[in-house]
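Participant: Dropping a structure here in structure tokens format, bear with me for questions.
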Amino acid sequence: MINLKDRELMGLALGQAKKAERWGNYPVGAVLTFNGKVAGKNFNSIKQDSKWAAHAEAMLVIRNSKKIKSALKKNARAEIVLYTTLEPCLMCLGIAFLHRIKRIVYGCPDPRGGATRLSKSSLTEFYRDYWPEIKGGVLKKESYEMLIKFMKRQRKLQWKRNLKLFEEMAGGWK
């Protein structure tokens, strides 16, 4: 069951994904909430930044949140939720662990780089202890359609391979 708050915040993340696309970037956006309030927004910005880590909008929004840094310094308990239009990669999932993200909500599963389906039993105790609640599929159709539209416009072979993976994955829920 998808609640209205998750839909609303994923809608904000989709707005960030649209910004990314307008700048010529892969259309993925992220929103971070801190105790129920928006604490940050970001989008894929690899075209502007040219550093590989700029692909990781979830990592960027977490890393740049002053509220999270302050709470971690004080060892304060906080309800921190990450909303992202695409399933987090291993780097974003790892930084979510380290920053004590309680929940991750994503739109579209990522058949190429998604990491939320890792087996908890294969992880060390530290990561098992901080494993967040993960909920996928919030506004997945909208997220999927934006990504597919973007990939169809690309000319490089890499995007054609990605497109095929996404189309195969989405076949069951189009």
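Computed from the coordinates by the stated procedures, all read-outs in this text should not be read as laboratory data. It should be emphasised that the depicted structure is a prediction, and the values quoted were computed from it without experimental measurement. Here the Cβ positions follow ideal geometry from the backbone for every residue, glycine too, while neighbour counts run over all protein chains shown.
Participant: Less than 10 Å Cβ to Cβ from Arg103, Lys/Arg counted +1 and Asp/Glu -1: what total charge do the surrounding residues give?
Facilitator: Working: positive: Lys102, Lys135; negative: Asp6, Glu79, Glu133.
In short, -1.
Participant: Quick check: the distance between the Cα centres of region 1-23 and region 148-163, to the nearest angstrom?
Facilitator: Using only Cα atoms, the two centres lie 22 Å from each other.
Participant: Once amide H atoms are built 1.01 Å from N in the peptide plane, which residues 5 or more positions from Ala39, or in another chain, come under 5 Å H to H?
Facilitator: Those qualifying (amide H under 5 Å, at least 5 residues apart or on another chain) are Leu32, Thr33, Phe34.
Participant: Now, a different point. Under the 0.36 nm per residue contour assumption, what length would be gained going from the current alpha-carbon distance of Arg103 and Arg117 to full extension?
Facilitator: Working: separation 14, 0.36 × 14 = 5.04 nm, distance 1.43 nm.
The span from Arg103 to Arg117 would gain 3.6 nm if fully extended.
Participant: Ordered by residue, what ³J(HN,Hα) values in Hz, to whole numbers, does region 14-26 give under the Karplus form 6.51 cos²θ - 1.76 cosθ + 1.60, where θ = phi - 60° and Gly and Pro are x?
Facilitator: With coefficients 6.51, -1.76 and 1.60, one gets 5, x, 5, 4, 5, 4, 4, 5, 4, 8, x, 9, 4 Hz.
Participant: Can you give me the long-range amide H partners of Glu87? Hydrogens built in the peptide plane at 1.01 Å from N, cutoff under 5 Å, separation of 5 or more residues or another chain.
Facilitator: Residues meeting the amide H criterion: Gly107, Cys108, Asp110.
Participant: Order the peptides 78-85, 115-122, 141-148 from the highest to the lowest mean number of other Cβ atoms within 10 Å of their residues.
Facilitator: Ranked by mean Cβ neighbours within 10 Å, highest first: 78-85, 141-148, 115-122.
Participant: Net charge around Glu142, counting only other residues with Cβ within less than 12 Å of its Cβ (Lys, Arg = +1; Asp, Glu = -1)? Can you show the working numbers first?
Facilitator: Details: positive: Arg7, Lys18, Lys140, Lys141, Lys149; negative: Glu145.
Counting the neighbours of Glu142, the net charge comes to +4.
Participant: Quick one: 3J(HN,Hα) in Hz for region 156-166, Karplus 6.51/-1.76/1.60 with θ = phi - 60°, rounded, Gly and Pro as x.
Facilitator: These are the phi-based 3J(HN,Hα) values: 6, 4, 3, 5, 5, 5, 4, 4, 4, 4, 5 Hz.
Participant: What nm distance separates the two modelled labels at Trp131 and Arg155, each placed 7 Å from Cα along Cα→Cβ?
Facilitator: 4.6 nm
Participant: Okay, moving on. Taking 0.36 nm per residue of separation and subtracting the Cα-Cα distance, what length does fully extending Met169 through Glu145 add? Don't skip to the end; give the middle numbers.
Facilitator: Values: separation 24, 0.36 × 24 = 8.64 nm, distance 1.25 nm.
That pair, Met169 and Glu145, stretches by 7.4 nm at full extension.
Participant: Filter Lys66/Lys102; Lys18/Lys140; Lys41/Lys140; Lys120/Lys152; Lys5/Lys41 down to the pairs with a C-alpha to C-alpha distance above 23 Å, please.
Facilitator: Working: Lys66/Lys102 17 Å; Lys18/Lys140 15 Å; Lys41/Lys140 19 Å; Lys120/Lys152 35 Å; Lys5/Lys41 16 Å.
From Lys66/Lys102; Lys18/Lys140; Lys41/Lys140; Lys120/Lys152; Lys5/Lys41, over 23 Å: Lys120/Lys152.
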